[in-house]
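Chemist: Quick one: the structure is below, and I'll ask about it shortly.
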Amino acid sequence: MIVKRLLCPERVRRVPDQFSWVDHRLVREGHIKRCGPEALALYLLLVTVGDADGMSYYSDTKVAPLLSVDEGGVRKARRELLAADLIAYKKPLYQVLSLERRLPSVPLKSERGNRCVSIGDVLRMATGGES
């Protein structure tokens, strides 16, 4: 028996406000453009078979005939979804992720005093330059 555990607990999917389990932001924010047809078919399958937290554990062997692709096609589709940050995967578990973006953690105050950090400071910190 496979024990399911959340792979990204900070990104658990919840039913969106609109009438749909597939979040409209997938289209509105352009996430759909970053994936090919097989990856989008895999995403739809995972949304359909996932539990309330977006978790499922369908094997490549089971997924391939459902999507009419070979197992290599499933792996390619999974790589696209991972690259698009739409799923998490740790064999055998999939988690369909929420579409919320995680922002990098940036201190609100400069280390040089109590002034607010400027956009330039944030960019320098992000690229490893001096603030």
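Where a number appears in this text, it was derived from the coordinates with a stated rule and is not lab data. Note that this is a predicted model, so its numbers are computed, not measured. Cβ placement follows ideal geometry from the backbone for every residue including glycine, while neighbour counts extend to all protein chains displayed.
Chemist: Could you size up the charge dipole of segment 63-102 around its Cα centre, putting +1 on the beta carbon of Lys and Arg and -1 on that of Asp and Glu, and report it in debye to the nearest 20?
Modeler: So the magnitude is around 180 debye.
Chemist: Of Ala64, Gly50, Tyr94, which is farthest on the positive side of the dipole of segment 11-96, counting Cα position, with +1 on Lys and Arg Cβ, -1 on Asp and Glu Cβ, and the Cα centre as origin?
Modeler: My answer, from the dipole projection, is Tyr94.
Chemist: What does the net charge come to around Lys90 if you take all other residues with beta carbon closer than 13 Å to its beta carbon, with K and R at +1 and D and E at -1?
Modeler: On the way: positive: Lys4, Arg5, Arg78, Lys91; negative: none.
Summing Lys and Arg as +1 and Asp and Glu as -1 gives +4.
Chemist: Would you kindly derive the ³J(HN,Hα) couplings of segment 50-60 from the backbone phi angles with the Karplus curve 6.51 cos²θ - 1.76 cosθ + 1.60 (θ = phi - 60°), listing them in order in whole Hz, with x for Gly and Pro?
Modeler: Karplus-based 3J(HN,Hα) across segment 50-60 equals x, 7, 4, 9, x, 9, 7, 9, 6, 7, 4 Hz.
Chemist: Then there's this: Taking the highest mean first, how do the peptides 73-83, 2-12 order by number of other beta carbon atoms within 10 angstrom per residue?
Modeler: Details: 73-83: 17.9, 2-12: 12.5.
Per-residue mean Cβ counts within 10 Å order the peptides as 73-83, 2-12.
Chemist: Provide the net charge surrounding Leu40, with neighbours chosen by a C-beta distance below 11 Å and charges set as Lys +1, Arg +1, Asp -1, Glu -1. Let's see the in-between values first.
Modeler: Working: positive: Lys33, Arg34; negative: Glu38, Glu80.
Net charge in that neighbourhood comes out at 0.
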